[in-house]
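Structure record follows, encoded as structure tokens.
The values are calculated or read from the model by the stated rules, or taken from the named source; none is laboratory data. A quick note: this is a predicted structure, and the numbers were derived from the prediction, not measured. So basically every Cβ, Gly included, is an ideal-geometry build from the backbone, and we count neighbours across all protein chains shown.
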Amino acid sequence: MTQVATPRVTRRTVGALADGAFKVLLATACLTAAAPLGRLLGVPVWLLVVSGVAQLTCGGIEIGYTRSRSMRTYTRLMVGYDSGWVLTALVGLLMAWRGGTAGGEVWVGYQAVAPIVFAVLLVASKDEMCAK
């Protein structure tokens, strides 16, 4: 009888899938509520739309590559991405606290650029099968 090898689903795999799903949900929010979110964050609607498209693209790629990329690669990319996310959120909050108006643009701008970098690095990373 022939056995088919299936990849083992680990906590890291579930984490990578959840991270991709969160990006898709964030993208959906940005795209469906761009105008009210733009007013709330003080950000132009076009920036939220660009951010939503970037998040949607990255989330889809992230979910699609879970079986063919190393979870070590995923973990490194997620730590880098999330560290930048936290730093830009803190910078945005600090700017708002000090009376500035660009805090939302800093944070949403990060959301427009970082997911594309994440997706490019993930796609460019070595295939797990080739590394063996």
Identify, from the list L94, L122, the residue that is in contact with a Phe, Trp or Tyr (Cβ under 8 Å, 6 or more places away or on another chain) and modelled with pLDDT of 90 or more.
L122
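What do you reckon, is C30 in contact with a Gly (Cβ under 6 Å, 6 or more places away or on another chain), crowded, with 20+ Cβ neighbours inside 10 Å and either of a type outside the set (D, E, K, R) or not in a helix (DSSP H, G or I) (or both)?
Details: in contact with a Gly (Cβ under 6 Å, 6 or more places away or on another chain): yes; crowded, with 20+ Cβ neighbours inside 10 Å: yes; either of a type outside the set (D, E, K, R) or not in a helix (DSSP H, G or I) (or both): yes.
Yes; evaluated as a whole, the condition is true for this residue.
State whether the residues of segment 91-100 include one that is under 19 Å from G15 (Cα atoms) and aliphatic (A, V, I, L, M).
Taking segment 91-100 and keeping what is under 19 Å from G15 (Cα atoms), we get none.
Checked segment 91-100: no residue is under 19 Å from G15 (Cα atoms) and aliphatic (A, V, I, L, M).
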Checked segment 46-81 for anything under 19 Å from V9 (Cα atoms) and β-branched (V, I, T); matches are I61, I63, T66, T73, T75
If G20 meets every condition in (1) modelled with pLDDT under 95; (2) within 13 Å of Q111 (Cα to Cα) apart from one, which number is that one?
(2)
Test of understanding: among R69, R76, R39, which residue is at pLDDT below 95, crowded, with 19+ Cβ neighbours inside 10 Å and among the charged types (D, E, K, R)?
R69
